[in-house]
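Q: What follows is a structure written as structure tokens; I'll ask about it next.
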Amino acid sequence: MLSPQSGGSGLRLGLDDYSEDFSRHFWRSGSEGFWKLERQQSFQEPGVESWEAFRKGHWDESVALIEAQRGHYEEYFQQITESGFALHRVRCAEEPISPYLQWELHLLHLKAQCGEDTRVLGRDGVLRYEAQRPLPEIVILGSSVMYEVLYDGGGKLAGGIRFDDPRTISRWRKAIQEMHRAGEPLDDFFTRRVAPLPPPTVTEELG
């Protein structure tokens, strides 16, 4: 079973310290790049305009607000390319697709059009890595730092655990790259499974 802790304990960081540490290392990702594994099917994104509109049940407005960010993401990913690295993501997706995930996949589809390399791993592909517990949320920046990203019970970002052990980072990068190769390109998954969906029904769990 994959476990960040199997390579030694990490440094637990509160939200502010995690955000600061992440920002300090992000632009130094280098040729190894940025690799992200997203496992949970629902999060909360307070302060994100399109998510706030989605949470209130204003689906058309939410999608329009996502599209309005296209110029921002085009510039953002151009800056990333000029900095010498790329962003790679594995998004685990269970069926039926949760309301949150439906919203996020619209955002990730836009990001993919602007330069992010995202693939979707279905439930069957995820299960082979989950012998005892769900996979954690993992972010790897280059070859020097990895985070297990932490969320509170409601799905809000709460901080992270930082790992610096090269063997732990290498093992997780190889695992995420393996998942990425096994996944379906986001554009194909979006066209096949997300675009035809009706607007999601917002539940009380979203706050």
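Q: If I ask for residues that are over 26 Å from Leu65 (Cβ atoms) and open to solvent by less than 30 Å² (accessible area, probe 1.4 Å), which ones from the range 79-121 would you list?
A: Matches in the range 79-121: Phe85, Leu121.
Q: At pLDDT 95 or above, acidic (Asp, Glu) and farther than 25 Å from Asp152 by Cβ: is that true of Glu61 in this structure?
A: Criteria met by Glu61.
Q: Give, as residue ranges, the helices (runs of 4 or more DSSP H) completely inside the range 122-190 that count at least 2 residues that are more than 16 Å from the chain's Cα centre (by Cα) and buried (at least 16 other Cβ atoms within 10 Å of the Cβ).
A: Once the helices (runs of 4 or more DSSP H) in the range 122-190 are filtered for at least 2 residues that are more than 16 Å from the chain's Cα centre (by Cα) and buried (at least 16 other Cβ atoms within 10 Å of the Cβ), what remains is 166-182.
Q: Report yes if Glu45 is acidic (Asp, Glu), without any contact (Cβ under 8 Å) to a residue 40 or more places away in the chain and either closer than 23 Å to Met179 by Cα or surrounded by 17 or more Cβ atoms within 10 Å (Cβ to Cβ) (or both), otherwise no.
A: Against the criterion (acidic (Asp, Glu), without any contact (Cβ under 8 Å) to a residue 40 or more places away in the chain and either closer than 23 Å to Met179 by Cα or surrounded by 17 or more Cβ atoms within 10 Å (Cβ to Cβ) (or both)), Glu45 qualifies.
The values are calculated or read from the model by the stated rules, or taken from the named source; none is laboratory data. Keep in mind the model is a prediction, meaning the values are calculated, not measured. Note that we place each Cβ from the backbone using ideal geometry, even for glycine, and neighbour counts take in every protein chain shown. Accessible surface areas use protein heavy atoms only, side chains included; no ligands, DNA or RNA. Shrake-Rupley method; radii C 1.70, N 1.55, O 1.52, S 1.80 Å.
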